[in-house]
1. Would you calculate, for the chain, the mean residue ellipticity at 222 nm contributed by helices, counting each DSSP H stretch of 4 or more residues as -39,500 (n - 2.57) and dividing by all residues, to the nearest 500?
2. Using the C-alpha gyration tensor of the chain, what are the square roots of 5 times its eigenvalues, in whole angstrom, with the largest one first?
3. If R₀ is 25 angstrom, what is the calculated FRET efficiency for the pair Val40 and Lys5, using the beta carbon separation as r and rounding to 0.05?
4. Can you run phi through the Karplus equation (6.51, -1.76, 1.60; θ = phi - 60°) for the range 48-54 and list ³J(HN,Hα) in whole Hz, with x for Gly and Pro?
5. Relative contact order for the chain: what is it in percent, counting Cα pairs under 8 Å that are at least 6 residues apart?
6. Report, in degrees rounded to the nearest 10, the 0 to 90 angle that the Cα long axis of helix 17-31 makes with the longest principal axis of the chain.
7. Which of the trypsin sites (Lys or Arg not before Pro) found in the chain are loop residues per DSSP with 11 or fewer other Cβ atoms within 10 Å of their Cβ?
8. What nm value, rounded to one decimal, do you get for the distance between Ala19 and Ala62 when each label is placed 7 Å out toward the C-beta?
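No value in this document is a laboratory result; all are computed from the given coordinates. This structure is a prediction, so every number in the text was calculated from the model and none was measured. Cβ placement follows ideal geometry from the backbone for every residue including glycine, while neighbour counts extend to all protein chains displayed.
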Amino acid sequence: MTAIKIIKILGTSTDSWEAAATEAVERANETIDDIHGVEVEDWTATVTDGAITEYKATVEVAFPVQDRQT
């Protein structure tokens, strides 16, 4: 049986929500092995002077719990 761990990552982008979600997954992939799936939990943005200046995507990243190294 495999146990799966889920963590939340907040990705940001000045281009789009999709780019923010991609950034979250790419950065998580730098330190997490064997990502099995992601779920975008929330889309938010920073607004300055009536315009979106930063897109934010909260992403849940799922990966298997590794066996303890002895």
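1. That comes out to -7000 deg cm²/dmol.
2. For the chain, the ellipsoid semi-axes come out as 30, 10, 8 Å.
3. 0.90
4. Karplus-based 3J(HN,Hα) across the range 48-54 equals 10, 6, x, 10, 5, 10, 8 Hz.
5. 44 percent
6. So the inclination is approximately 30 degrees.
7. Sites meeting the loop and neighbour criteria: Arg68.
8. 2.9 nm
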